[in-house]
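S.K.: Below: one structure in structure tokens.
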Amino acid sequence: QAQLVESGGGLVQPGGSLRLSCAASGFTFSSYAMSWYRQAPGKERELVVSSGGEFPTRYADSVKGRFTISRDNAKNTVYLQMNSLKPEDTAVYYCKASRFPTEVWGQGTQVTVSS
């Protein structure tokens, strides 16, 4: 059974950093494009970054220069390094694996940026 499990969320002060992890199991991780999304309270889920597949890595304008996606195919894990965090980055962060027509979503991890 395909599964994604996020971890690494928490409470951080503005200007701080967090690294999210997303561990995959039950499918051939290396052949899937990976993405991170987030959903803030009262807002729609939005794309943060996508990487892999036939398209180049692309970041949302709001996180360019602050967030970095990386993956370790040997560990079946994708990471999201988040630096210079702002209160508006507060959201539930989800990872997604995609390979047409299949999509796999994780359950999400909460990130709260507050002093």
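The values are calculated or read from the model by the stated rules, or taken from the named source; none is laboratory data. Bear in mind that the values here come from a model prediction, so they are computed numbers and not experimental data. Backbone-built Cβ (ideal geometry, glycine too); neighbour counts: all protein chains shown. Heads up: the accessible areas ignore ligands, DNA and RNA and are worked out on the full protein's heavy atoms, side chains in. Shrake-Rupley method; radii C 1.70, N 1.55, O 1.52, S 1.80 Å.
S.K.: For Asp72, tell me the accessible area in Å² from a 1.4 Å probe, rounded to the nearest 10.
M.R.: Accessible area, nearest 10 Å²: 50 Å².
S.K.: Find, among the GluC sites (Glu not before Pro) in the stretch 45-105, those assigned to loop by DSSP (not H, G, I, E, B) with at most 15 other beta-carbon atoms within 10 angstrom.
M.R.: Glu54
S.K.: Now, a different point. For the chain, what does the relative contact order come out to in percent, with C-alpha contacts under 8 Å and a separation of six or more?
M.R.: 37
S.K.: Which percent of the accessible heavy-atom area of the chain goes to carbon and sulfur, probe 1.4 angstrom?
M.R.: Answer for the chain: carbon and sulfur cover 47 percent of the accessible area.
S.K.: Here's a follow-up. Could you tell me the center-to-center distance, by alpha carbons, between the stretch 54-115 and the stretch 5-49 in angstrom?
M.R.: Taking the Cα centre of each part, the stretch 54-115 and the stretch 5-49 sit 4 Å apart.
S.K.: Determine the dipole magnitude for the chain: charges of +1 sit on the beta-carbon of Lys and Arg, -1 on that of Asp and Glu, nothing else is charged, the reference point is the Cα centre, and the result goes in debye to the nearest 20.
M.R.: I would put it at about 140 debye.
S.K.: Would you kindly derive the ³J(HN,Hα) couplings of the stretch 77-86 from the backbone phi angles with the Karplus curve 6.51 cos²θ - 1.76 cosθ + 1.60 (θ = phi - 60°), listing them in order in whole Hz, with x for Gly and Pro?
M.R.: 9, 10, 10, 10, 8, 10, 10, 6, 5, 10
S.K.: Mind checking the per residue accessible area of the chain for me, 1.4 Å probe, whole number of Å²?
M.R.: 55
S.K.: Between Ser17, Ser35, Ser50, find the one with the highest GNM mean-square fluctuation for the chain; connect C-alpha pairs within less than 10 Å.
M.R.: With Cα springs under 10 Å in the chain, the top fluctuation among Ser17, Ser35, Ser50 is at Ser17.
S.K.: Find the all-direction average of the projected area of the Cα convex hull for the chain, expressing the result in square nanometres with one decimal place.
M.R.: Numbers: hull surface 27.6 nm².
Average projection, Cα convex hull of the chain: 6.9 nm².
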